[in-house]
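One structure is given below, encoded as structure tokens.
The values are calculated or read from the model by the stated rules, or taken from the named source; none is laboratory data. The structure presented is a predicted model; accordingly, all values stated were derived computationally and were not measured. Every residue, glycine among them, receives a Cβ derived from its backbone with ideal geometry; neighbour counts consider all protein chains shown. Protein only, heavy atoms only, side chains kept; ligands, DNA and RNA dropped before computing areas. Shrake-Rupley method; radii C 1.70, N 1.55, O 1.52, S 1.80 Å.
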Amino acid sequence: MERRPERAGRAWLARAALLGLVLLAAACAENYPQSTLHPRSDITRLIDSVFRTTFWWALVVFVLVEGALVYALWRFRARPNDPEPAQTHGNTTLEIVWTAIPAVILVLIAVPTVRTIFKTSLPIANPDVEVDVIGHQWWWEFRYPKLGVVTANELVVPVGKKIGLRMWSADVVHSFWSPQLASKRDVFPVFSQTKNKKVNPLWFTADSVGDYTGQCAELCGIEHGRMGLRVLVKQAADFDSWVAQQRVGSPLVNAGKLEAAADSAMKTDSIMTKGQTAFLGGGCISCHAMMGTPLAGALTLRGPNLSHVGSRTTIGANMYENTPTNLAAWLRDPQGMKKGSHMILPRPLTDDEITTLVAYLRAHK
Ligand code: CUA
């Protein structure tokens, strides 16, 4: 049976309306952790306000222009036996009006936009917490020079405090982005800079405690899509105890002589002795600084500093939960867990070594 054209048209319209509703519902949903539409800091609220200003102007223009168009199409549509309509050539008043109105609207959008660009690009004066952010293929390093902390992939900050970031890259161009907390900002390799000019600043003050995700936003190689990060916003007291814990054995605190100081208390523990042997014997030391080992004093080797890896919630740059199972799988086959990662085992680790290393790494809170 042939479908009647108007019924097919109505079905098409119903489908289009349904799609529109789904898109609208998706846009309004709350559970998208990397949506810029739910700002949780001063800087992202500024950016959101520019977005909303532009959006409302665009909506007004859309309704007026499309309304006029639809009205004209309907009102002046051709009817059978119509005479030829009057021919018009130019209308100076109309042309001035439709040039002037958009120009005014553009100024009203441009002024807050340019003002916000300047405001968000400058470094902040006297931040409460300073963090150096270093992009690596494919993970993030966070150093707190004044607090003596060096960590990876999880930026921990106190709520309500001004955070000042200084950012650069150890290899290629990356882009730091935590959509709810901080604007997107490129990080450039240090060798391309002259007199620190390419160290990019970024600042934010988070207004609610929480666990926020982020993402590298500049194509930087095979694992660009898995160069994730987390920003853990804590109450001041929780942040202070985190700092105290991370300072133990930190190369930024005890520069020079760490082997003795680091985990002397832990040395008696058999997990620590066995773990250190496996860490050195398995070749981990060639890429990872670790407290209690001969390279404890190194700030960063090729891979993340592991001195407090047990305190992190994720591994592989926000790719896997930091669980014994995932750690073991990672140690067994890093390339299988994150293809193209720079972690290549010099030789396969034995089951015994993996069990020992998992316990050892997890004990380093
Ligand atoms: Cu780093 Cu994309």
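Once amide H atoms are built 1.01 Å from N in the peptide plane, which residues 5 or more positions from S169, or in another chain, come under 5 Å H to H?
G135, F188, V190
For the stretch 1-155, rounded, prolate or oblate, judged on the Cα gyration tensor with a ≥ b ≥ c (square roots of eigenvalues), a/c < 1.5 rounded, else prolate if a/b > b/c?
Verdict is oblate for the stretch 1-155.
So, R0 is 30 Å and r is the distance between the beta-carbons of R79 and W57; what FRET efficiency does that work out to, to 0.05?
0.20
Which residue, G281, G297, G90, has the most motion in a Gaussian network model of the chain that connects Cα atoms within less than 10 Å?
It is G90.
Order F239, F188, most accessible first, counting only protein heavy atoms with a 1.4 angstrom probe.
F188, F239
Kindly state, to the nearest 0.05, the FRET efficiency for T325 paired with D269, given R0 = 35 Å and r defined as their beta-carbon distance.
0.95
Measuring with a 1.4 Å probe in the full set of protein chains, what accessible area per residue, in whole Å², belongs to the chain?
57
Once ligands and nucleic acids are excluded and a 1.4 Å probe is used, how much of R40 is accessible, expressed in Å² to the nearest 10?
80
From Cα pairs below 8 angstrom and at least 6 apart in sequence, can you work out the relative contact order of the stretch 256-363, rounded to a whole percent?
Worked out over the stretch 256-363, it gives 28 percent.
Can you tell me which aspartates and glutamates have their Cα less than 14 Å from the Cα of K198? Leave out same-chain residues fewer than eight positions away.
Within the straight-line limit of under 14 Å, K198 reaches these aspartates and glutamates: D132, D171, D186.
At 1.4 Å probe size, what's the solvent-accessible area of W330? Round to the nearest 10 Å².
Estimated to the nearest 10 Å², W330 gives 30 Å².
Helix 42-75 versus the longest principal axis of the chain: what angle, 0 to 90°, nearest 10, using Cα atoms?
Once rounded, one gets 20 degrees.
Using a cut-off of 15 Å between alpha-carbon atoms, which aspartates and glutamates can reach K274, once sequence neighbours fewer than 8 places away in the same chain are excluded?
D263, D351, D352, E353
Could you work out the relative contact order of the chain, using alpha carbon pairs under 8 angstrom and six or more residues apart, expressed as a whole percent?
Averaging sequence separation for qualifying contacts and normalising by length gives 15 percent for the chain.
What is the angle, in °, between the Cα long axis of helix 92-121 and the longest principal axis of the Cα atoms in the chain? Nearest 10 is fine, range 0 to 90.
10
Distance check, please: which entries in K234/K339; K119/K146; K184/K234; K234/K365 exceed 27 angstrom between their Cα atoms?
As for pairs spanning more than 27 Å Cα to Cα, those are K234/K339.
Points 7 angstrom from Cα along the Cβ direction at R10 and D211: gap in nanometres?
Result: 5.1 nm between the two label points.
Can you pull the one-decimal nm distance between simple spin-label points at H38 and Q335, each 7 Å off the Cα toward Cβ?
Each label point lies 7 Å from its Cα, and together they span 3.9 nm.
In vacuum, with every alpha carbon of the stretch 256-363 counted as one equal point scatterer, what does the Debye formula give for log10 I(q)/I(0) at q = 0.15 Å⁻¹? Two decimals, please.
-0.59
Whose amide H sits under 5 Å from the amide H of C220, counting only residues 5 or more places off or on another chain, with H placed in the peptide plane?
none
How far is helix 270-281 tilted off the main Cα axis of the chain, in degrees rounded to 10, range 0 to 90?
In the chain, helix 270-281 runs at an angle near 70 degrees to the longest axis.
Compute a Gaussian network model of the chain, connecting alpha carbons closer than 10 Å, and tell me which residue from R347, R115, R45 fluctuates the most.
R347
Using alpha carbon centroids, what distance separates the stretch 97-145 and the stretch 295-344, in Å?
The two parts, judged by their Cα centres, are 32 Å apart.
Using unit Cβ charges (K, R positive; D, E negative) and no other charged atoms, how large, in debye to the nearest 20, is the dipole of the chain about its Cα centre?
Dipole magnitude for the chain comes out near 300 debye.
Using a 1.4 angstrom probe on the protein heavy atoms only, line up R52, R302 by accessible area, largest first.
Order by accessible area, largest first: R302, R52.
Got a sec to turn the phi values of the stretch 316-329 into Karplus ³J(HN,Hα) couplings, 6.51 cos²θ - 1.76 cosθ + 1.60 with θ = phi - 60°, whole Hz, x for Gly and Pro?
Here the 3J(HN,Hα) series is x, 6, 6, 9, 10, 4, 7, 10, x, 4, 5, 4, 5, 4 Hz.
Where does the chain land at 222 nm, in deg cm²/dmol rounded to the nearest 500, when only DSSP H runs of n ≥ 4 count, each adding -39500 (n - 2.57), divided by all residues?
Value at 222 nm, helices only: -12500 deg cm²/dmol.
Using amide H atoms built 1.01 Å from N in the peptide plane, name the residues 5+ places from V156, or on other chains, whose amide H lies under 5 Å from its own.
Placed amide hydrogens put L232 under 5 Å from V156.
Ignoring ligands, DNA and RNA, what percent of the 1.4 Å accessible area of the chain is carbon and sulfur?
Carbon-and-sulfur percentage of accessible area, whole number: 64.
Of V70, V111, V157, which has the largest mean-square fluctuation in a 10 Å C-alpha GNM of the chain?
Maximum fluctuation in the GNM of the chain, among the listed residues, is at V70.
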